[in-house]
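Chemist: Below you'll find the structure I mean.
The values are calculated or read from the model by the stated rules, or taken from the named source; none is laboratory data. Bear in mind that the values here come from a model prediction, so they are computed numbers and not experimental data. Positions of Cβ are backbone-derived with ideal geometry, glycine not excepted, and every protein chain shown enters the neighbour counts. Please note that ligands, DNA and RNA were not included when accessible areas were found on the heavy atoms of the full protein model with its side chains. Shrake-Rupley method; radii C 1.70, N 1.55, O 1.52, S 1.80 Å.
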Amino acid sequence: MSARDEEAVLRRTDDTGPRTSRSAVRLRGHLEPWHVAVTYGAAGDEEWEDEEEGGGHAPAAGSKIGQLILWRLRDYTGDNRWEAADAESGDLEVIVSAVLGRSGRTGYSAAFEKAVTRPVGDLLILDRVSLDTAWRGLGLGPALAVEAIRRLSGGCCAVAVFPGMGEYPEDREQVTEAYRLQAKEKIAALWESIGFQPFHRGVWLLDTALRRPEELMQARCAQLRALGTAFQHPGSV
């Protein structure tokens with residue numbers, strides 16, 4: 001995936017498919033979902049379609065190879081934001097309960113305000129990153145997360161993530177407590193590589209005001225561009 005295709009990577013969607021207009025977002029007043037499609041190039045792009053015709057193993061231009069799910073928790077709205085998160089998923093409930101005050105209606109908790117440089121504004125939540133099997137193990141997950149965060153975190157004081165297992169092996173007997181712990185540690189290490197730091201109750205935070213996370217994310221962006229160039233033009237990097 002090259003830099004020229006970044007515009008095709010991030011597409012806001014609702015339950016009925018891709019959308020680009022503001023009205024397509026299911027606004028809940030306090031919890032706003034973003035579904036990000038990860039595509040191989042863009043349909044109609046001649047450069048990517050030429051690759052497909054070249055007899056390689058590249059997928060069709062514009063085909064979906066993964067997705068990211070993020071949520072934007074709005075700053076104080078007067079509504080119970082914890083209830084909104086709890087209604088969506090257990091992971092969101094864990095994150096929101098860790099960063100908010102006890103009532104779910106007030107502002108951020110004292111611990112959050114201490115952990116974040118400027119604890120004023122919305123909170124971006126990185127909920128899920130998934131890639132088709134053929135695209136795993138290349139470092140794309142963190143790199144794509146960086147692209148999503150870079151584009152969607154404007155006005156957010158921090159980004160939160162709860163490292164956990166999104167998928168399980170077919171043989172569930174493999175999933176011992178040790179297996180689960182090892183998986184979570186590997187996932188947490190990936191998020192740490194782009195600037196997330198442990199916060200509370202298993203939740204990790206990325207402080208958008210700090211320079212170090214920005215440097216780490218820029219390095220991942222460069223890696224993503226290099227991977228795209230290498231895939232399109234083997235031997236060029």
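Chemist: In a loop (DSSP other than H, G, I, E, B) and either in contact with a strand residue (DSSP E or B) (Cβ under 8 Å, 6 or more places away or on another chain) or within 26 Å of Arg201 (Cβ to Cβ) (or both), is that true of Asp79?
Modeler: On the way: in a loop (DSSP other than H, G, I, E, B): yes; either in contact with a strand residue (DSSP E or B) (Cβ under 8 Å, 6 or more places away or on another chain) or within 26 Å of Arg201 (Cβ to Cβ) (or both): yes.
Yes, satisfied.
Chemist: Another question, if that's okay. Being on the phi > 0 side of the Ramachandran plot and without any contact (Cβ under 8 Å) to a residue 12 or more places away in the chain narrows it down to one residue among Gly137, Gly90, Gly101; which is it?
Modeler: Gly137
Chemist: Only residues that are open to solvent by less than 30 Å² (accessible area, probe 1.4 Å) and in a helix (DSSP H, G or I): list them for segment 132-148, please.
Modeler: Leu140, Gly141, Pro142, Ala143, Leu144, Ala145, Val146, Glu147, Ala148
Chemist: Quick one: what pairs do we get from segment 190-218, first residue in contact (Cβ under 8 Å) with a residue 12 or more places away in the chain, second of a type in the set (Asp, Glu) and open to solvent by 80 Å² or more (accessible area, probe 1.4 Å), C-beta under 8 Å, 6+ apart or different chains?
Modeler: Hits for this filter: Gly195/Glu214; Trp204/Glu192.
Chemist: Scan (1) among the small types (Gly, Ala, Ser); (2) in contact with a strand residue (DSSP E or B) (Cβ under 6 Å, 6 or more places away or on another chain); (3) farther than 20 Å from Glu192 by Cα for the single condition Ser97 breaks and write down its number.
Modeler: In the conditions (1) among the small types (Gly, Ala, Ser); (2) in contact with a strand residue (DSSP E or B) (Cβ under 6 Å, 6 or more places away or on another chain); (3) farther than 20 Å from Glu192 by Cα, Ser97 misses (2) alone.
Chemist: Can you tell me which residue among Arg212, Arg225, Arg151 is open to solvent by 80 Å² or more (accessible area, probe 1.4 Å), at pLDDT 75 or above and part of a helix (DSSP H, G or I)?
Modeler: None of the other options fit; the residue is Arg151.
Chemist: Taking segment 65-87 only, how many residues are out of contact with any Asp or Glu (no Cβ under 7 Å at 6 or more places or on another chain), surrounded by fewer than 20 Cβ atoms within 10 Å (Cβ to Cβ) and at pLDDT 90 or above?
Modeler: Result for segment 65-87: 1.
Chemist: Let me ask something else about it. Working only within segment 102-144, note down all residues that are under 17 Å from Ala37 (Cβ atoms) and under 11 Å from the mean Cα position of the chain (by Cα).
Modeler: Leu126, Asp127, Arg128, Val129, Ser130, Gly141, Ala143, Leu144
Chemist: Give segment 117-131 a look and list any residue that's in a loop (DSSP other than H, G, I, E, B) and surrounded by 14 or more Cβ atoms within 10 Å (Cβ to Cβ), or say none.
Modeler: The answer is Pro119, Gly121.
Chemist: Can you name the residue in segment 185-209 that is more than 27 Å from Gly101 (Cβ to Cβ) and hydrophobic (A, V, I, L, M, F, W, C) and, of all such residues, is surrounded by the most Cβ atoms within 10 Å (Cβ to Cβ)?
Modeler: Per the criteria, the residue is Ile194.
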